[in-house]
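Heads up, the thing below is written out as structure tokens.
The values are calculated or read from the model by the stated rules, or taken from the named source; none is laboratory data. None of these values were measured; they are calculated from a predicted model. Here the Cβ positions follow ideal geometry from the backbone for every residue, glycine too, while neighbour counts run over all protein chains shown.
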Amino acid sequence: MQPSVLVADDDEGARELYKKFFANEGWKVQLVADGARAIDAAASQDFDIVVTDLVMPGINGYDVVRSLRTSNPQQPIIVVTGSACVQDVIDSMRCGASDILLKPIDYHALRESVYRIVNSMRQTPEAEDKSFSRYLSSDKMSFEVDAVSLSRVKFHAPVIDRLCRAGRYDNVMRLKLHLAVQEALSNSLDHGVLGLQSAWKDEFDEVGVDNFSRIKSNRLSDPAYAKQKIYINTTFEKRRLSIVIRDPGKGFLLKDRAQNDPDNRALRCHGRGLAIIAGTMDEVSYQHDGAEITMVKHLLE
């Protein structure tokens, strides 16, 4: 079944592009020009996804997210922003957004985000398992995944679904935790193992293929890269969920990157993922110059 989408954007040109995109996808879509209309539309009809621009006159995107998450805590919302400010991403995730995309819109990324969210929401862990999962007191698992396998199949930490069944957080938070893990793994794969540079996404060859995708494909075919492993450890104990991801790369220095990138240009690449992680988790720390990340979420009793 095709998803139903509500889009709020005060820019008429942007709404026209959304309309063409959703028509091509065959999705059901309703477009509104401001936040007030978005809130009214969501109150009168159920939508699988709400897509809202962050900056709008009157009721802005933050207000839309807060209002919809208050009236319907399970409502997934994608925030769209033209700002490359890390804080905007963090604030959007903390106020309830399920994902955030940057303008100009990458419609391939929008398609992936919608399907990821809809499929996850429609595959809610079975309620009857809650009677057993709520007694879970500790859980530890370790994974060693080679680069080529990680590039083909999305990793899902089993403990995240298990804790959702136990009622430790709702399905929207489950979705956000999976997204944070995916973003961390993407950074480890692309930059830690494969040594890709974000700037390559803006460089194209003579047939229009960006250098990032081309070099990534070549390196995944090279055993020297493809067989390298990423290590994942998940630990739940005493209401504390910890996820540690380590790659064999040299890491990155956040302070140096910030000094060399005052306009946050890197946010449009892997930096966006770091901001999503920071906006979802309660604690985030880096070890080995960023080659290892520890993400912590404190859970309800």
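Results, tabulated for the structure shown:
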| quantity | calculated |
| --- | --- |
| Selection from segment 42-54 of residues that are surrounded by 16 or more Cβ atoms within 10 Å (Cβ to Cβ) and farther than 11 Å from Val5 by Cα | Asp53, Leu54 |
| Scan of segment 260-292 for residues that are more than 24 Å from Val79 (Cα to Cα), in a helix (DSSP H, G or I) and either modelled with pLDDT under 50 or aromatic (Phe, Trp, Tyr) (or both), ordered by number | Asn260 |
| Residue in segment 21-39 that is crowded, with 19+ Cβ neighbours inside 10 Å and either closer than 22 Å to Ala275 by Cβ or among the polar types (S, T, N, Q) (or both) present | no |
| Candidates Val114, Val89 - the one that is surrounded by 19 or more Cβ atoms within 10 Å (Cβ to Cβ), hydrophobic (A, V, I, L, M, F, W, C), modelled with pLDDT of 85 or more and in contact with a helix residue (DSSP H, G or I) (Cβ under 8 Å, 6 or more places away or on another chain) | Val89 |
| Residue check for Arg257: surrounded by 13 or more Cβ atoms within 10 Å (Cβ to Cβ), modelled with pLDDT under 85, farther than 22 Å from Leu150 by Cα and not β-branched (Val, Ile, Thr) | yes |
| Filter result (modelled with pLDDT under 90, within 22 Å of Asp190 (Cα to Cα) and outside any loop (DSSP other than H, G, I, E, B)) within segment 117-153 | none |
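Rundown of residues vs (1) free of Cβ contacts under 8 Å to residues at least 40 places away in the same chain; (2) polar (S, T, N, Q); (3) not assigned by TED's automatic domain parsing to the domain that holds Ser149; (4) not in a helix (DSSP H, G or I), yes/no style:
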site	(1), (2), (3), (4)
Leu163	no, no, no, no
Arg168	no, no, no, yes
His178	no, no, no, no
Gln182	yes, yes, no, no
Gly192	no, no, no, no
Gly208	yes, no, no, yes
Ile215	yes, no, no, no
Phe236	no, no, no, yes
Leu241	no, no, no, yes
